[in-house]
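Student: One structure, pasted below without further comment.
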Amino acid sequence: MKLIKSINEINIEKYIIATYQLSSSKNLKEAAWNLAIGQSVGNPNVRNHWETDELFDNHSCFVLSENPDELNKTSGEVKIAFPVENADWKTDGISQLICHLMGGQMDIDVITACRLIDVKYPKSFTSNFLGPKYGMTGMRKFTGQYNKPLFGAIIKPKIGVTPEILLEMVKELVDGGVDFIKEDEIMSSPPVCPLEKRVPLISNYLRSQSRKLVYCYTINSDPHAIMNRAKFIADNGGNGLHINVWSGLGSYNSVRQMDLPIYIHFQKSGDKTFTDKSHRFSISWNVICDLAGIMGADTIHSGMWGGYMNESEEDLRKTLDILNSRNVVPALSCGMHAGLIDAINNRFGTEYMANVGGAIHGHPDGTIAGAKAMRQAIDKTYGDEYYQSIQKWGKKQ
């Protein structure tokens, strides 16, 4: 079997092409061999009579290289072609994809580091997925907000309020001019504010308002409950839901395949456990963002600049480009406030959502004033609320 191939030697429509940053205790060729064979036909070092040439041709991964001498190094980038044929992507889905891309190679001692940094998908793969139902174009049309950032608000405190108090908070946020509200990841269906009580209460109020906005109820749970909760929200007039990454990457695709009239928000909190660059075995956050678009997230907590989370401009710009290409709304959050809007717009443009928690509810004059301050910053209609916000949190150039 020919292990190393040029990209011109394969039909790229039949392969998912993954790029890794690999390190090996021996050399890249051996590490890549272990990855390619180990993540397709089986044991890298043991062949048997069942492994025919035809089986290898159809089901083996291949190492892609235009310069095989580069594989003599102990670390560097390696491209692996994964056959689309190796799964029924319509039903096996995202969970099985991650199992193929980031599975058994972690257990092979010759591979000392493995970071998945990029994946290219053929149409034969992506045609099995629906992508965002609404995304940026749909959300702008629904809210009527164009040529400026969308304005998102976050419920604070994260947990502990009753449905009645939550409704009062929502009323103030609506009066303050938000386009989007999300519950935080800790609130799913706690006894103090169960989902079955708050969904009809909040949804009925929002339907009675002239202002159109998206409200994402948190439904973090195990798979069986996520599906039931998503349907419950749609059946009771809700138009959005929030799923944290720890509920599983496949959960976004599962809900999207239900094709409900509902926005899906992807919350990243916790992702650095497996996306941080300093880890020896990890997945680039940009790979996850690209997948989020494929599997149907409409909005995603994509990162932040200038807050208590602060991505580099280069990294965040790449992330925003990927999400914009998939029509996903990038939500910038974790320290967002009114004094950051102009600086972020100048650096990254306006195709994002400013998602705000503390700087709304912590405004000197309370939640409604905090929301108005953000609305004024986004609309450039500065008033007292905005200037009070600037006095408290400052303004970044």
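The values are calculated or read from the model by the stated rules, or taken from the named source; none is laboratory data. Because the structure is a prediction, the values reported are computed rather than measured. Counting neighbours? That spans all protein chains shown, and the Cβs are built from the backbone with ideal geometry, glycine included.
Student: When segment 262-274 is examined, which residues are found to be part of a helix (DSSP H, G or I) and charged (D, E, K, R)?
Tutor: Of everything in segment 262-274, just one residue is part of a helix (DSSP H, G or I) and charged (D, E, K, R), namely K272.
Student: In the list S6, S25, which residue meets the criterion of being closer than 24 Å to K277 by Cβ and touching an Asp or Glu at 6+ places or on another chain (Cβ under 8 Å)?
Tutor: S25
Student: Mind telling me which of the residues S278, S302, S284 ends up being surrounded by 24 or more Cβ atoms within 10 Å (Cβ to Cβ), farther than 17 Å from S95 by Cβ and either not aliphatic (A, V, I, L, M) or not assigned by TED's automatic domain parsing to the domain that holds I111 (or both)?
Tutor: S302
Student: State which residue pairs qualify: first residue free of Cβ contacts under 8 Å to residues at least 24 places away in the same chain and not assigned by TED's automatic domain parsing to the domain that holds A292 and inside segment 81-101, second residue among the acidic types (D, E) and in a helix (DSSP H, G or I) in any location, beta carbons under 9 Å apart, and separation of 6 or more residues or different chains.
Tutor: Going by the 9 Å Cβ cut-off, the qualifying pairs are C99/D92.
Student: Taking L166 as the residue in question, decide whether it is assigned by TED's automatic domain parsing to the domain that holds Y252 and touching a Lys or Arg at 6+ places or on another chain (Cβ under 8 Å).
Tutor: Judged against the criteria, L166 is a match.
Student: Only one of V178, V161 is aliphatic (A, V, I, L, M), in contact with a strand residue (DSSP E or B) (Cβ under 6 Å, 6 or more places away or on another chain), closer than 27 Å to H363 by Cβ and in the same structural domain as T381 (by TED's automatic domain parsing). Can you tell me which?
Tutor: Answer to the selection: V178.
Student: Oh, and also: Pairs please, first residue from segment 104-133 and assigned to a loop (DSSP other than H, G, I, E, B), second anywhere and hydroxyl-bearing (S, T, Y), Cβ atoms under 8 Å, 6+ apart in sequence or on different chains.
Tutor: What qualifies is D109/S25; V110/S24; V110/S25; P122/Y15; K133/Y263.
Student: Just give me the residues in segment 326-360 being in contact with a Lys or Arg (Cβ under 6 Å, 6 or more places away or on another chain), in a helix (DSSP H, G or I) and either buried (at least 21 other Cβ atoms within 10 Å of the Cβ) or not assigned by TED's automatic domain parsing to the domain that holds Q267 (or both), in sequence order.
Tutor: Result: G339, L340.
Student: Follow-up question, since we're still on this one. Taking K120 and the conditions (1) farther than 30 Å from G349 by Cα; (2) surrounded by fewer than 16 Cβ atoms within 10 Å (Cβ to Cβ), which numbered condition does it fall short on, given that it satisfies the others?
Tutor: (1)
Student: Looking at V356, V328, which is the one that is within 12 Å of F151 (Cα to Cα) and either in contact (Cβ under 8 Å) with a residue 12 or more places away in the chain or of a type outside the set (V, I, T) (or both)?
Tutor: Answer to the selection: V356.
Student: Test N286 against the stated conditions and say whether it is touching a Lys or Arg at 6+ places or on another chain (Cβ under 8 Å) and not in a loop (DSSP other than H, G, I, E, B).
Tutor: Yes: the conditions hold for N286.
Results for (1) touching a residue at least 24 places away in the same chain (Cβ under 8 Å); (2) in contact with a strand residue (DSSP E or B) (Cβ under 8 Å, 6 or more places away or on another chain); (3) closer than 21 Å to Q96 by Cα, shown as yes or no for each residue.
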site: G250; (1), (2), (3): yes, no, yes
site: Q257; (1), (2), (3): yes, no, yes
site: F266; (1), (2), (3): yes, yes, yes
site: K277; (1), (2), (3): yes, yes, no
site: S284; (1), (2), (3): yes, yes, yes
site: A297; (1), (2), (3): yes, yes, yes
site: S302; (1), (2), (3): yes, yes, no
site: E311; (1), (2), (3): no, yes, no
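Student: Here is a follow-up. Looking at (1) assigned to a helix (DSSP H, G or I); (2) under 9 Å from the mean Cα position of the chain (by Cα), find the lone condition where I322 falls short.
Tutor: Of everything listed in (1) assigned to a helix (DSSP H, G or I); (2) under 9 Å from the mean Cα position of the chain (by Cα), I322 misses just condition (2).
Student: Quick one: in segment 29-87, which of the residues that are surrounded by fewer than 17 Cβ atoms within 10 Å (Cβ to Cβ) and among the β-branched types (V, I, T) is nearest to M106 (Cα to Cα)?
Tutor: T74
Student: For segment 206-222, does any single residue satisfy the condition of being of a type in the set (D, E), under 28 Å from V287 (Cβ atoms) and free of Cβ contacts under 8 Å to residues at least 60 places away in the same chain?
Tutor: Yes, some residue in segment 206-222 is of a type in the set (D, E), under 28 Å from V287 (Cβ atoms) and free of Cβ contacts under 8 Å to residues at least 60 places away in the same chain.
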